[in-house]
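Worksheet for the structure shown next.
The values are calculated or read from the model by the stated rules, or taken from the named source; none is laboratory data. Note that the structure is predicted; figures quoted are calculated from it, not measured. Heads up, the Cβs are rebuilt from the backbone with ideal geometry, glycines too, and the neighbour counts pull from every protein chain shown.
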Amino acid sequence: MKASSFSRLAISGILAASTVAVMGSSSSVGAACLTAQGGTPLTILGQLVPDAACVAAGGYLVPSGSGATVPGSLTIPGTSITIPVPANLVATLPSKITSSINADTLKTLAPAAFAGIDKTEVKKLLPDALKSLDPSQLSQMTPSALAAMSPNQIKALAPASLTAMTSDQMKRLSASVMSSFSASQIDQLASTAFAGMSSGQLAKLKPSAIGVMSPEQFDALSGKALKALSAGQFSKILPDALAAIDPSKITSLSTTVLAKLKDTQVAGMTPDQIAALSTKQLRSLPSSIGDALTVDQLDGLTGGEARVLAPKLKRAILANLTPEQEALLPAEVLSALKK
């Protein structure tokens, strides 16, 4: 094999760095390192490759070399030497090699390879390579490794890969990188990941990203996280997504954002959500809410709540009540409407 700009010392360093992590043992493995199964002994610059570094250098241990690598290979920069990628990348590949992984190589790697990437190694991966990351690979990354990604690396992640993000991975992301997520990425982000999202993280999402969130994603958010929604973000919430928020969490919404409720959002809210609003929240609702509220939504209000809301309700709602609907409404609600 030919090595143009890599010295013998550099090659030896690569092999030495790979020794323990690849084979999980020292060079006492009792097998020959061959260029191919049944082939000739593997040498680099005339030196026989040690057994324990065999697979990392592109050879085959006979008879016990299986399971030490995953699909995919890399060419050592400055040489014509191609090596299979170790199953555990931690401490096995120098930065020159890790940073030479391209998208085509990365997508061939088995998920097990990503379980071994630590927060130092992950920084070496090029954003262009991360575009090919798939869900099974991302799911194997440790929370600390994912959290070490730069904003540019986050931006490069394929939206489809985020369908596998876990709650624990989300918890470790810094709030500052959340604005790096695009709407298309948030659209694909696993609902389970939203369960781990903090108020600080949610506050940093772009309004356009909030606007693509599904009912399942909103339902997964904690009440504490919902407190962080800004008026700009809240205005982008889809009606069906707002309707998915559990009534027990609806009380977390600030009066500032509730004052910006749109008619389409109000129309989608459930009777239980309306009933769960506090007196302070009811007072903050826009005056236009009377155009959107229905009889069914009023059903759960108490007399005190109805009196707070009455000035904003349309008296015309009484004219549209059927006898059955009027019978269902609490007397306090009817009384408040008639004043």
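Considering only residues that are of a type in the set (D, E, K, R) and under 15 Å from Ala228 (Cα atoms), which ones fall in the stretch 153-202?
none
Starting from residues that are under 17 Å from the mean Cα position of the chain (by Cα) and surrounded by 20 or more Cβ atoms within 10 Å (Cβ to Cβ), keep the ones in the stretch 102-131 and report whichever is modelled with the lowest pLDDT.
Phe114
Scan the stretch 132-154 for residues that are surrounded by fewer than 16 Cβ atoms within 10 Å (Cβ to Cβ) and not polar (S, T, N, Q) and jot them down.
The answer is Pro151, and nothing else.
For every residue, the table says whether it meets (1) assigned to a loop (DSSP other than H, G, I, E, B); (2) in contact with a Pro (Cβ under 6 Å, 6 or more places away or on another chain); (3) among the small types (Gly, Ala, Ser).
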site: Met149; (1), (2), (3): yes, no, no
site: Met178; (1), (2), (3): no, no, no
site: Ser184; (1), (2), (3): no, yes, yes
site: Ala193; (1), (2), (3): no, no, yes
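Residues are listed down the side, and each one gets a yes or a no for (1) in a helix (DSSP H, G or I); (2) surrounded by 18 or more Cβ atoms within 10 Å (Cβ to Cβ); (3) out of contact with any Gly (no Cβ under 8 Å at 6 or more places or on another chain):
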position: Asp219; (1), (2), (3): yes, no, yes
position: Ala225; (1), (2), (3): yes, yes, yes
position: Asp240; (1), (2), (3): yes, no, no
position: Leu253; (1), (2), (3): no, yes, yes
position: Val257; (1), (2), (3): yes, yes, yes
position: Val266; (1), (2), (3): yes, yes, yes
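Any residue at all in the stretch 186-194 that's within 13 Å of the chain's Cα centre (by Cα), among the hydroxyl-bearing types (Ser, Thr, Tyr) and modelled with pLDDT of 95 or more?
yes
Regarding the stretch 231-238, can at least one residue be identified that is within 20 Å of Ser179 (Cα to Cα), over 22 Å from the mean Cα position of the chain (by Cα) and surrounded by fewer than 16 Cβ atoms within 10 Å (Cβ to Cβ)?
Yes - at least one qualifying residue is present in the stretch 231-238.
Working carefully through the options Leu337, Leu309, Leu282, Leu321, find the one that is surrounded by 14 or more Cβ atoms within 10 Å (Cβ to Cβ), assigned to a helix (DSSP H, G or I) and at pLDDT below 75.
Leu337
Sort out which residues of the stretch 197-217 are in a loop (DSSP other than H, G, I, E, B) and among the hydrophobic types (A, V, I, L, M, F, W, C), and write them in order of number.
Met197, Leu205, Val212, Met213
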